[in-house]
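Working notes, beginning with the structure itself.
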Amino acid sequence: MTEPGSARAQGGERPTLAFRIALAQRAGGIVSPFFTALLAFFMGGLVVLFVTGKNPLSTYEAIFKGTGLNWLLPWETCAHPCSAALSLQQTLIQFTALALTGVAVAFAFRCGLFNIGGQGQYIVGTVAAVQMGIWFQGLPSALHILLAAGAAALAGALWGGIAGVLKATVGAHEVISTIMLNWIALWVASYLVTFGGPMQDPAAGTEAVSRPISEGAQLPLLWGSRLLQGLHVGLFVALAALLVYWLVLNRTTLGYEVRAVGFNPEAAAYGGIDVAKSYFLAMAISGAFAGLAGAMDILGWRPRLDLTFVQGYSQIAFIGIAVALLGRNTAVGIFFAGLLFAALRTGSSTRNLDPEVFRPELANNLTEIIQGLIILLVGAETLVLYLLKSGRRLRRRGET
Amino acid sequence: MASDALVLELRGITKRFPGVVANDGIDFDVRRGEVHALLGENGAGKTTLMNVVYGLYRPDAGEVRVGGKPVVFRSPRDAIAHGIGMVHQHFMLIPVMTVAENIVLAKEPTQAGVVLDYEAARKRVRELASAFGFVVDPDARVRDITVGQQQRVEILKALYRRADVLILDEPTSVLTPQEASELFQILRGLTEQGMSVVFISHKLNEVLAVADRITVLRRGRKVATISRQGATEESLARMMVGREVLLRVEKPPASPGEPLLEVHDLRVLDDRRLEKVRGVSFHVRAGEIVGIAGVDGNGQSELVEALAGLRRPVAGRVVVAGRDMTGRSAREVLDVGVGHVPEDRLRRGLVLDFTLAENLILHDYDKEPCSRLGWLFPDRILRWAAELLRRFDVRGGGPRTLASALSGGNQQKVVLARELGREPRILLAAQPTRGLDVGAIEFVHRQLVEARVQAKAVLLVSLELEEILSLADRILVMYEGRIVGEYGPEVQEEELGIAMTGGRPVVEAA
Amino acid sequence: MTVDAGTARRRLAGRRLFTTRLLAIAGIVLGAVAFWIALPPLTTRTVAAPIAIGIVAVACGIWAASRKERRLGWGAAASGVLGIVFGVLATRAAADHLEAVVTWSSLVSLALVYATPLTFAAIGGMFSERSGVVNIGLEGMMLMGAFFGAWGADVTGSWMGGLLLGILSGGLLALVHAFFSIHLRADQIVSGTAVIFLAYGITGYLYNDIYGDAGTPGDLAAVPDIDLSWLGSLPPHDLGGFLESSIGQVSLLTILALALVVLSSAFMFKTSLGLRIRACGEHPRAADTAGINVYGARYASVVMSGILASLGGVYLSIGFNHSFTEKMTSGRGFIALAALIFGNWRPSGALAAALLFGFSTALAPELENVESWAVYGTLFQSLPYLLTLIAVAGVIGRTVPPAAVGRPYVKQ
């Protein structure tokens, strides 16, 4: 007899705080993500305070300075070459990859799939981009870039598609299969660039690094110089990806199918939607975004693939999970969450963080903790609501 | 039998859910050795009240007394300790475990305090069953036994916990009329041994058949408690609904045309690869309603799913308007003009997190005018949705409202609007009124009759015999995956009931 | 009457299915044998033998597949084909190469080593999932156990201290997962992922803060080995020698893992508490209405899973590697989950799967020893992950997870 619908409907007549916030969330409100991030930073600050005894505020301030965002503040003056500007370029470069991997995770999410295989898809993307960038020397630059980026997206799509096919045909859980695909991609790519591997640069001796891509395949710069890892046009690709993401989801039949399957696969099947096909497509498209992220990094600022990049830096794709979750899988949300995490990463990097204030190698781990806290808190909206309602007993909600 | 000693009293029970008062100051009591029926429509608050008694809900106000002493139940464990047992409408049994394991769960006989003594459990179940005259196999897995047997396991579960008061929530909804009267026998046996029974139902005839006293609830309030003597179906119906109720649906005489849906020797497997539909043949003509009666789980769900393209049959043919649609996808079936009201609107009929507009285009989102070449046109969709919502009188929201925000009746109206709005030639309606209140039920019935008038072929699958009897022009009875009888609309309920238990294997030509 | 006939029919069908299944399993085994006879010590050099045995395996598989035992049947057929391919390849490889790869005793001992942490984590996962909570966070709990095991051993100077601190940390992290997924009804997979990130951050932070570039001290107290060299005196001499060289020295934790398989199996399927936990994972509302404290059972099970998973981590750091490095679990938690699924949510099945994965992990470095294969060194590292992927893809749908796993339970 308990009709969940009726209870909620009539709740609308006499809205409680929790109900209003729940409504705001459904409408893509910012209250809860904002509090979530704040709460995570607060808890991260407590960690700093208790473990190191340092002042969390000054730590965060140092991290903020490291992000280069202070370049935007009118009262900050800047010498030449402006370190804040350089940092900001770094932040935006990281934003490019994070927005793309965030979109990747979010797209699968909207289909009800948890793609934690962004790392593997990113890696195969970098491999494809490097290879394409090495081949076809002398091709017109635009064409060459398109070819390399396209190949990377395709490779990512293929890698994600494997998990999609397994999910659609035998029902293998995408979390396990994508994790396994991550490790497979990692070791295969490692093999490719290590000494004796087919992609290793013989000119580099025994060093595990590929040949560099040809000049023509590199993305044009927007800001700064190539030598100092300036900001490349990949930023626009990321922004375009956010727009494409929104359009595909909300304005195309494909997006409609993906969302229907994500909300209720049985109803989708009843409506005539091919659920298996949607799973495959969602994973493939998700993988394509992650692969594209890899391409942007290779074509934009890291023209050769080496072992530390494959085994270490590629973890940036993992952070896409936190970006998508904090951004509530909306384009605007991913934009801001991507910016936040990009800032956190550059701000706490060895290069930018003032070691007097906080040891950079620890700051990196601190970001991981904050990331974990954010995912945890985003996953449990009830907690945020609970804290907002400050002690009043939480009524049951959203139950059958 | 019934004495005046009160074993259970409820005083002024109030239970609120966000925005709804499910129970509003209800008084209710149970005497030793009586069957006390709790009568009311869907949503009247019967189950909520009993969940309060069973410790699943805590009342916002009021008091529960057992044997004259006030008690507070924090969980079912407390209720069980005070001798209260409950048989839920959806059985609380674990399908993969055995009957004995289900019965002793949480009060297991053990050796050395930890090791489960399965032998003792089996023995105890046997003793208990024979003491009350039940036949159950303690080692059978619950998923392998019939629904009627599962219900007995539920009752044994309560008896094993030494219940004095047994609450049964809509116990006959899954039973045939014969099984129901067997259940009534069992209940009488229990009351003779001094137990008390609370019998929750919305079926008037059953309440009159089994109860000593009857309490009627309407919209969370108690209307009255009366003795069975002198109560009639009409008077109870008036109390339950608050107005005169039309017990029979008005419909013009049938004028069936050519057959639009033909099914030949269809065989369908369920998810566990068991054959649930075993060679079914029938047809539905334009302008007639064919009802399929039967106890739940006799293959009706699988049959409808196969007809709707959601389940691939292993043998046989489905012909829709002259075209062989056997094994075609749901999309193809929908596109040749089949509408389908699924049996579970929350699980399948609606995407609750979609807006009403998005739900209304669930079948046609990829066609003009909703979209072209994969591009959606939100304005056209919203206009189309607004028009449909108006035509089908959906209240409580507009095209942009989330489906989850509507009441059950309005949700079902949205489903009907979608299915009928695309002007199908054939309508498959599976339990279209389940869980609805009287007003919504009348609406659904009118729509089905209207579809018939418009020369659509309507296949109605329902567990409610009354619904089938009042709507169908021809009635097919399904038992264990076969059609075991075909009847005209004048058939007696008893006759259908016998067929529903497989009692008469002879197929009677209509 | 009809009921009896039905039961009889079902029983008969059951028996027929059973023999089919047996044949399919025999096919799988034969496929493996086809490969095995081409390896040392047998080292068959004729191509015919693996082909003949492989064909029998394929035949078994197809026969079974045609009788509704599809997955196992096709598995047997695939195993036969693989057996033929690898068998033929092996007969054509130089015998001394094969010797380099296949030293059975060292493979067995390494397989046990690699299987130990997986077994702990997989059985931990069983507790959690049987109670209805998905535990993706096993990876993080293992990592916590690994770090705090090492740190505890360092600080207290005793492996016991390390072990205790290790399982305490894993249990605490599991408690976080439990709180979020049970009380706050967060998506269990999201919560599990979050817990992994937390573990990455916490262990990385503390590791860098405390040990930094120098790494954990070289003289960490280690979990002792148990001396089983007396096995060497068992007749016949070959067997004894083999046993001594493969399992003559076994870590205490490996023994514990094997004991745990038996103990947890008995607990889950023979005790009343086990019955209650399983009830919570199958149908929490039924368990609740029967009077079981569902939240309590789930909390206890999830914390138990954290304790067991962290034992696996303790083994990694102070049982086997004698050091801690960042993210040293490298996906083992996920492989353990796969082992759990593969093993049909049973301890014995999980152990079998863990041994299989352990074996493939042990094989990878051995393959590198073959001179002409050394180039592919890192490529072989992906072998266990590839195997897990295939296993998960092949077995799912045949194994049945607890019905309510992954769904938060809302008390009414």
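Only the coordinates and a few stated rules stand behind these numbers; no lab work does. Here the structure is a predicted model, which means the values were calculated and not measured. Don't worry about glycine lacking a Cβ; one is built from the backbone with ideal geometry, like all the others, and counts go over all protein chains shown.
A few notes on this one:
- Rounded to 0.05, the FRET efficiency of the C:Asp227 and B:Ala81 pair, given R0 = 56 Å and the Cβ-Cβ distance, is 0.55.
- Pairs exceeding 27 Å between alpha-carbon atoms, taken from B:Lys251/B:Lys413; B:Lys123/C:Lys411; B:Lys46/B:Lys69; B:Lys15/B:Lys203; B:Lys276/B:Lys413: B:Lys123/C:Lys411; B:Lys276/B:Lys413.
- Gyration tensor verdict on segment B:309-467 (Cα atoms; rounded if a/c is under 1.5, prolate if a/b is larger than b/c, oblate otherwise): oblate
- The protein assembly as shown: antiparallel DSSP beta bridges as a percent of all, rounded to 5: 60 percent
- With both labels modelled 7 Å from their Cα along Cα-to-Cβ, the B:Ala386 to B:Glu495 distance reads 5.3 nm.
- Note on A:Leu57 and A:Gln137: their simple-model spin labels are 5.9 nm apart, each label 7 Å out from Cα toward Cβ.
- Degrees separating the helix B:378-391 axis from the principal Cα axis of chain B, which is the longest one: 60 degrees
- Kyte-Doolittle at least -0.5, axis length at least 24 Å by Cα - qualifying DSSP helices, chain C: C:2-36, C:48-66, C:70-92, C:104-130, C:138-156, C:159-178, C:188-210, C:252-270, C:294-314, C:347-369
- Efficiency of FRET from Cβ geometry, B:Asp139 and B:Glu466, R₀ 35 Å, rounded to 0.05: 0.35
- Computed from point charges on the beta carbon alone (+1 for Lys and Arg, -1 for Asp and Glu), the dipole magnitude for segment B:7-89 about its Cα centre is near 280 Debye.
- Per-residue mean of foreign Cβ neighbours for B:393-403 is 2 (Cβ atoms of other chains, 10 Å radius).
- Extreme residue, positive dipole direction of the protein assembly as shown, given options B:Gly257, C:Gly124, A:Leu292 (C-beta unit charges): B:Gly257
- Cα gyration tensor shape of segment A:187-261, rounded if a/c is under 1.5, else prolate or oblate by comparing a/b with b/c: oblate
- Note on B:Ala254 and A:Val170: with the Förster distance fixed at 56 Å, the Cβ-Cβ geometry gives a FRET efficiency of about 0.70.
- Against chain B, whose longest principal axis is taken from its Cα atoms, helix B:118-131 shows a tilt of about 90°.
- Cα-projected label distance for B:Glu450 with A:Leu46, points at 7 Å along beta-carbon direction, nm: 5.9 nm
- Within segment C:176-214, chymotrypsin sites (Phe, Trp or Tyr not before Pro) in DSSP loop having at most 14 other beta-carbon neighbours inside 10 Å: none
- Span from the segment B:220-242 Cα centroid across to the segment A:229-294 one, whole angstrom: 56 Å
- Cβ-based exposure ranking for B:Asp379, B:Asp353, in which fewest neighbours within 10 Å come first: B:Asp379, B:Asp353
- Helix B:147-160 vs. chain B, principal-axis angle (Cα, 0 to 90°, nearest 10): 20 degrees
- The antiparallel fraction among DSSP beta bridges confined to chain B stands at about 55%.
- Multiplying the residue separation of B:Glu127 and B:Leu274 by 0.36 nm and subtracting their alpha-carbon distance yields 49.6 nm.
- Prolate/oblate/rounded call for segment B:136-269, Cα gyration tensor, a/c under 1.5 rounded: oblate
- Dipole magnitude for segment A:245-353: computed about the Cα centre from +1 point charges on Lys and Arg Cβ and -1 point charges on Asp and Glu Cβ, it is near 320 debye.
- Net charge dipole, the protein assembly as shown: roughly 1800 debye, given to the nearest 20, about the Cα centre with Cβ charges of +1 for Lys and Arg and -1 for Asp and Glu.
- In summary, the lysines within cross-link reach of B:Lys367, defined as a Cα separation below 19 angstrom excluding same-chain residues under 8 places away, comprise A:Lys277.
- Cα centroids of segment A:40-65 and segment C:168-195: 24 Å apart.
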